[in-house]
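Below is one structure, written out as structure tokens, with a few remarks after it.
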Amino acid sequence: MLLRPLILTLALALGAWAAPVGTADAAPAKKKATTTKPAAKKKARAKPAPKVAPAAITAGHAQSPGMQAAAGATATAAAGDAAAAAAAQSARAAGGQPRSAGDILNATGAEDWREPDPAQLVLMEFKLPTQPEPAQVLMELAPRFAPEHAANVRALVRGGYFDGLAVLRVQDNFVTQWGDPGEGAAARALPAEAKAKLPAEFDQALAGLPLHALTENDGWSPLSGFVDGFAVAADPGRTAQGRAWLAHCYGVVGAGRGGEIDSSNGSSLYAIIGQPARSLDLNITVVGRILKGIEHLAALPRGSGNMGFMGPQEAKPPLLRARLLADMPAGERPSVKVLRTDVPAWFEILHSRRHRSGWFVHSSGRVDLCSAQVPVRVTPPKS
């Protein structure tokens, strides 16, 4: 039995259009982690989040740690936006124009950037039909939000589990998914250090998170912003501590699962290659995001099978190998830097995106969580 039956357990409608029967967008799924043959499961749904207006989220939690965290984050966001607006106004008063995002980034210093931990960076090499050289895709894991899944992915990488696996699914405007094409006796065994069973890691407490909020309402949650450069949605009034989760924006990497919410372990991964799939939020464990190379996964030929799975006669692009940057010689590692979201440059970039000038005839005056992507600089190693 193939992966397709499991995917039907979490079928989604990701947009206003109605997909033809048999081809509807569906949540990425995985087969059993052991060599046993997978079976279709009954539909399992997490309890939906309460639908409440932002003004009503204080009910019962007005002075809670979650609400206090939200108040602090939104106050900082408002102050940062006000400072950026003042800088733009000063530029106009002097007869010039506010700086563009490119100009802002060119003026940043080393203190404006963070360097991710090499132990949380996975460099994958795919052999694609569109180019002779292997395509490199760099993923940053999210241990703050999914510590057990991140640790398991690291164990899988270090155990060579992903080396020689393949892309199994490419669905237009949705996901590229990779993993083990084998089943039953042909399935690859997990490394001894990796776990076959993990708890679901859909969200965590908002209180205590270094959330750098946006001033806009997200639409999917009362509060949104960034933690470690990851797009985060939050509901400060859901519990006393509040809850926060990683949003399914473009380039986000999640762990495919079956019907049970705790059936993912990181052995089957997917990346969002189309519009934000926010319906997946709080339904699947997000393990990381692509920092560089998402264009390779997005440009792959779409699978001809249901939900973009590769058909029997279609070549599955192989994943040649995956390595942690921490395990690579220093001379072979790329330099990786992510703009901090607590510095004036970030607030100025957000302001420039809210208030376009030059070519733009109309400016919306706002940004949304998934379009406000945090800049990343990846420099190849010196040869």
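Points to keep in mind about this one:
- Within straight-line cross-link reach of Lys127, aspartates and glutamates at Cα separation under 16 Å, skipping those fewer than 8 residues along the same chain: Asp163, Asp180, Glu295, Glu314
- Packing rank of 112-118, 287-293, where each peptide gets the mean count of other beta carbons within 10 Å, highest leading: 287-293, 112-118
- Surface accessible to a 1.4 Å probe, Ser371 within the full protein complex, Å²: 60 Å²
- Ordered by 1.4 Å accessible area with all protein chains kept, Ile349, Ile261 run largest first as Ile261, Ile349.
- Across the stretch 274-279, rounded Karplus estimates of 3J(HN,Hα) from the backbone phi angles (6.51 cos²θ - 1.76 cosθ + 1.60, θ = phi - 60°) give x, 4, x, 9, 5, 5 Hz, Gly and Pro being marked x.
- Placed amide H near Ala29: partners under 5 Å, 5+ positions off or other chain: Arg257
- Net charge, Leu223 excluded, C-beta distance under 12 Å - Lys, Arg +1, Asp, Glu -1: -1
- The stretch 331-343 - phi-based ³J(HN,Hα) in whole Hz, Karplus 6.51/-1.76/1.60, Gly and Pro as x: x, 9, 7, x, 8, 10, 9, 10, 4, 6, 9, 10, 10
- Annotation: amide H of Val287 within the under-5 Å range of Val253, Gly254, Ala255, sequence separation 5 or more or interchain, hydrogens built in the peptide plane.
- When a 1.4 Å probe is rolled over the protein heavy atoms, the share of accessible surface on the stretch 108-203 that falls to carbon and sulfur comes to 50 percent.
- Amide hydrogen neighbours beyond the local backbone of Ala166, cut-off 5 Å, H modeled: Gly179, Leu319
- Charge tally around Pro191: other residues with Cβ under 12 Å, Lys/Arg +1 each, Asp/Glu -1 each, net +2.
- The stretch 348-363 - phi-based ³J(HN,Hα) in whole Hz, Karplus 6.51/-1.76/1.60, Gly and Pro as x: 5, 5, 4, 5, 5, 7, 6, 10, 6, 9, x, 4, 6, 7, 10, 10
- Normalising the Debye intensity of the stretch 234-383 to I(0), with uniform scatterers on Cα atoms only, and taking log10 at q = 0.10, 0.17, 0.21 Å⁻¹ returns -0.54, -1.30, -1.47.
- Local electrostatic count, Pro134, Cβ distance below 15 Å [Lys/Arg +1, Asp/Glu -1]: -1
The values are calculated or read from the model by the stated rules, or taken from the named source; none is laboratory data. These numbers come from a predicted model, not from an experiment. As a convention, Cβ positions derive from the backbone with ideal geometry for all residues, glycine included, and neighbour counts pool all protein chains shown. Each accessible area value is taken on the protein alone, full model and side chains, heavy atoms only, with ligands, DNA and RNA left out. Shrake-Rupley method; radii C 1.70, N 1.55, O 1.52, S 1.80 Å.
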